[in-house]
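What follows is a set of notes on a single structure, which appears directly below.
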Amino acid sequence: MSAVTMSEAGTNFAYLDEETKRMIRRAILKAIAIPGYQVPFASREMPMPYGWGTGGVQVTAAVIGPDDVLKVIDQGADDTTNAVSIRAFFRKVARVAVTTHTAEATVIQTRHRIPEHPLIEGQILVYQVPIPEPLRFLEPRETETRTMHALEEYGLMHVKLYEDIAHHGRIATSYAYPVKVAGRYVMDPSPIPKFDNPKMHLSPALQLFGAGREKRIYAIPPHTDVRSLDFEDHPFEIQRFDEPCALCGARNVYLDEVILDDRGGRMFVCSDTDNCESRQADAQKETAA
Amino acid sequence: MSEGPLLIARDVGKNYGNRIGCTDVSFDLWPGEVLAIVGESGSGKTTLLNCLSTRLNADRGTVTYRMRDGVARDLAALGEAERRFLMRTDWGFVHQNPADGLRMGVSAGANVGERLMAVGNRHYGRIRHCAEDWLNRVEIDVDRIDDRPRAFSGGMRQRLQIARNLVTSPRLVFMDEPTGGLDVSVQARLLDLVRGLVRDLGLSVIIVTHDLAVARLLSHRMMVMKEGRVIEQGLTDRVLDDPREPYTQLLVSSIPQA
Amino acid sequence: MYVAVKGGESAIENAHRLLADRRRGDRSLPAITEAQIVEQLSLSVDRVMAEASLYDPGLAALAIRQARGDMIEAIFILRAYRTTLPRLAVSRPVDTAAMRIERRISATYKDLPGGQLLGPTFDYTHRLIDPALVGEPDVPEAAVAEVTGEPVMRVADILAHESLIELEPRVDAEPGDITREPTEFPMPRAERLQSLARGDEGFLLALAYSTQRGYGRSHPFVGEIRIGLVEVEIDVPELGFAVSLGEIRLTECQMVNQFKGSAEKPPQFTRGYGLVFGQSERKAMAMSLCDRALRAAEYGEDITAPAQDEEFVISHCDNVQATGFVEHLKLPHYVDFQAELGLVRRLRANYDAARAAEPEDDSFEEAAQ
């Protein structure tokens, strides 16, 4: 085995053996060929727990090469513990360069967010997916949901949205908001806030979704039509924040609420830490200049 | 512009192991016609209904249905997608127990609107308006539109199930003992409603009942089943007023005459 | 001024150091060795091997030690290691009829060829906590009967002679591998058995118990339980014959179930099957009850109970999957929670506005009605 393919951890490059990576790549190719369709794959036991990104890790392991630059985020931040842990894993088993800058990364593995900085052609965004089936909580049976997808039987999905409007006056789904991909398959975009949904539409980057425990891979190829489900008279809308980020002043970005004390004091700051820090750095340069 | 029967059954049969479910059943159903299948429990009428409505695969015989485009199709040859589409557009199925035909966990409005959304309707206001209209027609107070069927009485649930089925203007509705679990007074109101809807909408109906009074009130024609076979069929008035088979005579004599 | 939380990396590092420290415990006591675990906690080792689908007592013992005795954690560690191993060959089916028996009991026949052999069982011990075990007492060697070498015939084969039990036709096709191929429902029985064999002992035990209490009754009898060593052989095409790789310990349970016959099948006994690495009678019995329950559709039985529901049982019996997903709830969910927070605030504002708009005596009237 060559030096390139053997990592310092004593495992094959990017942990998985080549046969397994080939199997995952075949699933990925099929997923790209049928946008939004959940391709079953033989998910492996990984050295991190199911539900903690094993699907994303396997997809990343299958697509990453020695020249790639990896960014890992969780909740939009590079520094959350699980992101740190996954980044460390790939540094160890693949010795790839890592970054926190969205623009520099070739592969970005994410949990629950799409970076604010627009993605470009050639980048791959890998989502960690807990429950890939958008119909699961309407119909628990896998055999039935697969039939519903096959027959494009999506009426039930709208029943749920109808109920939201009837009871709350609005669609009360705020994350993992279902989308229709390329006019065919209804897809769960993983638990990203619906704020991020529009970023999937016609994105120049390749978007791959890996669900390890549920053993499914799906994809949105670059420049694919991605529509959030809605009604003509209750169109899809994203969250709006009343104030800008308290640190960098950004508007039209997703914000985290930070509790400052026990008397209701709070502030709103960017969920995407890289974007926030870059903006702060730019602002400092400007004042210095 | 009537082109012939809506549904044609020929030599339909179904076995459960060595036991006959139903066998050698043949009839034509015409547009706007209400056909009652009567018999005691275990006579095979529900098995037959399920075979006709493709809920069960028949072992023998054919069932042909004239689709909306006028083409008669062998139902056994339909693909799963076509079959499901047929069931939620051009057909209805009213279960004896409304809980089997309703989504008990979602509102009355969504129950009525589901079929519309399933065929691509994407305007909330129009779906809701249509649901209100149908609740009206089945005499459910429109104020209850956002309530779940769990909060409804048995009779209301059954009326809701009917509305849910009729919203896509089906041409054929299957009914399995639709008045089965209801009190006598509630039954009378429901039968009245069904009779009105059938007449106004020109529906064809195949209704299974053990209750000859229901058959008399609703159906044009009836078939009497015993041990899986049709032993007598004809116009409802004729069969009930002048039954030929001893078994039918026994059935008729056992109900109080109006 | 607020500064975003940093330092995930060092926090993790410190946590792991503390974990290693706690794992070692009091340094004045000798460290436990893998050999001691293999020898003295062998049933733990067996369980870890069974549910990790990897037969290696030494590694299983290491995993138990590394996991501080947490069984599911140990199973997880061993499974993650298993992933990295190449799949070199498929063995021949192990021949449990030729097992070197350590224990063999039947509940269906009082006496039978080969006899009843209790072996190293907890059965009939009185579960009195035993102070005599404290320290290092002398334990006399066990008396072991001479091995006669005579094969001990399987109870299922006795019934098969009379055609009173369903036949399991030999299948020569290479079986599927649930760790290498995507699972799809409905599953072939071979793959279902694989899932059950690595399924959580506690989960299967509870399901098996539920079938006895009426949730999917199957009228079971223990035809036979046997524990012992079997040879693992692989065919080597170059040599033209099978080569033995060594012996492994297995527990096999053949549950015999009453069946009155259906349209397609004559009245006969049916079977539920359990086969587990190591000595684990509880698991093998639970597995065989679950296997039989899951065959309900095959026999035209009504599927009414959880234990009969293939998707339910198979999708939830894997403890590594289950623990991962349950425990993932402790990962940050700030983003989604923020979205829900925003939604609840808006809904709440609507609600409060609607209440404020209502004339007050309205509520009074309602109360009076």
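Condition (residue is within 18 Å of the chain's Cα centre (by Cα), open to solvent by 50 Å² or more (accessible area, probe 1.4 Å) and closer than 25 Å to C:Met99 by Cβ) applied to the stretch C:255-268: is it met by at least one residue?
Going through the stretch C:255-268, the residues within 18 Å of the chain's Cα centre (by Cα) turn out to be C:255.
Right, trim to open to solvent by 50 Å² or more (accessible area, probe 1.4 Å) and you get none.
Checked the stretch C:255-268: no residue is within 18 Å of the chain's Cα centre (by Cα), open to solvent by 50 Å² or more (accessible area, probe 1.4 Å) and closer than 25 Å to C:Met99 by Cβ.
Across the stretch C:312-356, which residue is farthest from A:Pro47 (Cα to Cα) among those that are without any contact (Cβ under 8 Å) to a residue 12 or more places away in the chain and in contact with a helix residue (DSSP H, G or I) (Cβ under 6 Å, 6 or more places away or on another chain)?
C:Leu347
Looking only at residues in the stretch A:64-88 that are more than 10 Å from every other protein chain (Cβ to nearest Cβ) and in contact with a helix residue (DSSP H, G or I) (Cβ under 7 Å, 6 or more places away or on another chain), which one is most open to solvent (accessible area, probe 1.4 Å)? Steps first, answer last, please.
We begin by selecting, within the stretch A:64-88, every residue more than 10 Å from every other protein chain (Cβ to nearest Cβ); these are A:64-73, A:86.
Filter once more, so that each one left must be in contact with a helix residue (DSSP H, G or I) (Cβ under 7 Å, 6 or more places away or on another chain): A:64, A:69-73, A:86.
On the way: A:Ile64: 10, A:Val69: 35, A:Leu70: 0, A:Lys71: 1, A:Val72: 1, A:Ile73: 4, A:Ile86: 2 Å².
If we take residues in the stretch A:64-88 being more than 10 Å from every other protein chain (Cβ to nearest Cβ) and in contact with a helix residue (DSSP H, G or I) (Cβ under 7 Å, 6 or more places away or on another chain), then A:Val69 is most open to solvent (accessible area, probe 1.4 Å).
Could you count how many residues in the stretch B:155-178 are out of contact with any helix residue (DSSP H, G or I) (no Cβ under 7 Å at 6 or more places or on another chain) and open to solvent by 30 Å² or more (accessible area, probe 1.4 Å)?
3
Pick from C:Tyr273, C:Tyr299: which is open to solvent by less than 10 Å² (accessible area, probe 1.4 Å) and aromatic (Phe, Trp, Tyr)?
C:Tyr299
Run B:Glu3 past the list (1) open to solvent by 40 Å² or more (accessible area, probe 1.4 Å); (2) in contact (Cβ under 8 Å) with a residue 60 or more places away in the chain; (3) farther than 19 Å from B:Asp90 by Cβ and report the number of the one that doesn't hold.
All conditions pass for B:Glu3, except number (3).
When you look at C:Leu118, is it open to solvent by less than 70 Å² (accessible area, probe 1.4 Å), in the same structural domain as C:Pro266 (by TED's automatic domain parsing) and not acidic (Asp, Glu), yes or no?
Considered against the rule, which asks whether it is open to solvent by less than 70 Å² (accessible area, probe 1.4 Å), in the same structural domain as C:Pro266 (by TED's automatic domain parsing) and not acidic (Asp, Glu), C:Leu118 comes out as no.
Here is a yes/no grid of residues against (1) more than 7 Å from chain A (Cβ to nearest Cβ); (2) more than 20 Å from the chain's Cα centre (by Cα); (3) modelled with pLDDT under 95:
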| position | (1), (2), (3) |
| --- | --- |
| B:Gly92 | yes, no, no |
| B:Gly105 | yes, yes, yes |
| B:Gly109 | no, yes, no |
| B:Val112 | yes, no, no |
| B:Val119 | yes, yes, yes |
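Would you call C:Ser315 polar (S, T, N, Q), over 30 Å from C:Val38 (Cβ atoms), outside the structural domain of C:Ala67 (by TED's automatic domain parsing) and modelled with pLDDT of 90 or more?
Yes; evaluated as a whole, the condition is true for this residue.
From the list C:Ala284, C:Ala305, which one is under 28 Å from C:Leu164 (Cβ atoms), open to solvent by less than 40 Å² (accessible area, probe 1.4 Å) and within 15 Å of the chain's Cα centre (by Cα)?
Sole residue among the options that is under 28 Å from C:Leu164 (Cβ atoms), open to solvent by less than 40 Å² (accessible area, probe 1.4 Å) and within 15 Å of the chain's Cα centre (by Cα): C:Ala284.
In the list A:Pro193, A:Pro178, A:Pro222, which residue meets the criterion of being more than 19 Å from A:Pro40 (Cβ to Cβ), buried (at least 24 other Cβ atoms within 10 Å of the Cβ) and in contact with a strand residue (DSSP E or B) (Cβ under 8 Å, 6 or more places away or on another chain)?
It is A:Pro193.
Only one of these is exposed (fewer than 15 other Cβ atoms within 10 Å of the Cβ) and either of a type outside the set (Val, Ile, Thr) or assigned by TED's automatic domain parsing to the domain that holds B:Met223 (or both): B:Glu80, B:Glu33, B:Glu114. Name it.
B:Glu80
I'm trying to understand the selection: among the residues of the stretch A:187-218, which are in a loop (DSSP other than H, G, I, E, B) and within 14 Å of chain C (Cβ to nearest Cβ)? Give the steps one after another, and end with the answer.
We begin by selecting, within the stretch A:187-218, every residue in a loop (DSSP other than H, G, I, E, B); these are A:188-192, A:201-205, A:212-215.
Passing the criteria: A:Asp188, A:Pro189, A:Ser190, A:Pro191, A:Ile192, A:Gly212, A:Arg213, A:Glu214, A:Lys215.
Taking the residues in the stretch A:22-53 that are modelled with pLDDT under 95 and under 15 Å from the mean Cα position of the chain (by Cα) as candidates, determine which candidate is farthest from A:Arg111 (Cα to Cα).
Residue satisfying both the conditions and the ranking: A:Gly51.
Condition check ((1) part of a loop (DSSP other than H, G, I, E, B); (2) crowded, with 20+ Cβ neighbours inside 10 Å; (3) outside the structural domain of A:Asp78 (by TED's automatic domain parsing)) across all residues:
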position	(1), (2), (3)
A:Arg91	no, no, no
A:Pro118	yes, no, no
A:Gly122	yes, no, no
A:Val126	no, yes, no
A:Ile131	yes, no, no
A:Arg146	no, no, no
A:Met157	no, no, no
A:Ile171	yes, yes, no
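Restricting the search to the stretch C:221-242, which residues are open to solvent by 50 Å² or more (accessible area, probe 1.4 Å) and on the phi < 0 side of the Ramachandran plot?
C:Phe221, C:Glu231, C:Glu233, C:Asp235, C:Pro237, C:Glu238, C:Leu239, C:Phe241, listed by residue number.
Tell me, please, whether a residue that is more than 22 Å from A:Asp230 (Cα to Cα), modelled with pLDDT of 95 or more and open to solvent by less than 10 Å² (accessible area, probe 1.4 Å) can be found in the stretch B:122-135.
Yes, some residue in the stretch B:122-135 is more than 22 Å from A:Asp230 (Cα to Cα), modelled with pLDDT of 95 or more and open to solvent by less than 10 Å² (accessible area, probe 1.4 Å).
Taking the stretch C:190-223 on its own, how many of its residues are assigned to a helix (DSSP H, G or I) and under 16 Å from the mean Cα position of the chain (by Cα)?
Of all residues in the stretch C:190-223, those assigned to a helix (DSSP H, G or I) come to C:190-197, C:201-212.
If we keep only those that are under 16 Å from the mean Cα position of the chain (by Cα) too, we end up with C:190-197, C:201-209.
Residues in the stretch C:190-223 being assigned to a helix (DSSP H, G or I) and under 16 Å from the mean Cα position of the chain (by Cα): 17 in total.
Sort through B:Arg189, B:Arg199, B:Arg216, B:Arg195 and tell me the only one that's of a type in the set (D, E, K, R), under 21 Å from B:Ser41 (Cα atoms), open to solvent by 60 Å² or more (accessible area, probe 1.4 Å) and part of a helix (DSSP H, G or I).
On the way: B:Arg189 fails: under 21 Å from B:Ser41 (Cα atoms); B:Arg199 fails: under 21 Å from B:Ser41 (Cα atoms); B:Arg195 fails: under 21 Å from B:Ser41 (Cα atoms).
After applying the criteria, what remains is B:Arg216.
Mind checking which residues of the stretch A:196-211 are open to solvent by less than 10 Å² (accessible area, probe 1.4 Å) and either under 29 Å from A:Glu45 (Cβ atoms) or without any contact (Cβ under 8 Å) to a residue 40 or more places away in the chain (or both)?
Selection gives A:Gln207, A:Leu208, A:Phe209, A:Gly210, A:Ala211.
Out of the residues in the stretch A:31-63 that are away from chain C (no Cβ under 11 Å), in contact (Cβ under 8 Å) with a residue 24 or more places away in the chain and open to solvent by 20 Å² or more (accessible area, probe 1.4 Å), which is farthest from A:Asp225 (Cα to Cα)?
Among them, the one singled out is A:Val63.
Pick out the one residue from B:Thr64, B:Thr47 that is buried (at least 17 other Cβ atoms within 10 Å of the Cβ) and over 26 Å from B:Gln187 (Cβ atoms).
Answer to the check: B:Thr64.
So, in the stretch B:136-154, exactly how many residues are outside any helix (DSSP H, G or I) and either of a type in the set (Ser, Thr, Tyr) or open to solvent by 20 Å² or more (accessible area, probe 1.4 Å) (or both)? Before you say what the answer is, go through the steps one by one.
Step one: filter the stretch B:136-154 for residues outside any helix (DSSP H, G or I), giving B:138-141, B:145-148, B:152-153.
Add one more test, that the residue is either of a type in the set (Ser, Thr, Tyr) or open to solvent by 20 Å² or more (accessible area, probe 1.4 Å) (or both), and what stays is B:139, B:141, B:146-148, B:153.
Going through the stretch B:136-154 one residue at a time, the tally reaches 6.
If I ask for residues that are open to solvent by less than 20 Å² (accessible area, probe 1.4 Å) and either under 22 Å from the mean Cα position of the chain (by Cα) or farther than 24 Å from A:Phe90 by Cα (or both), which ones from the stretch A:11-21 would you list?
A:Ala14, A:Leu16, A:Lys21
If a residue must be within 10 Å of chain A (Cβ to nearest Cβ) and of a type in the set (S, T, N, Q), how many such residues does the stretch C:70-97 contain?
2
Please determine whether any residue of the stretch A:234-241 is touching a Cys at 6+ places or on another chain (Cβ under 6 Å) and among the charged types (D, E, K, R).
no
The values are calculated or read from the model by the stated rules, or taken from the named source; none is laboratory data. All values reported here derive from a predicted model rather than from experimental measurement. Cβ coordinates were reconstructed from backbone atoms using ideal geometry, including for glycine residues, and neighbour counts include every protein chain displayed. What goes into the accessible areas is simple: the full protein's heavy atoms, side chains included, and nothing from ligands, DNA or RNA. Shrake-Rupley method; radii C 1.70, N 1.55, O 1.52, S 1.80 Å.
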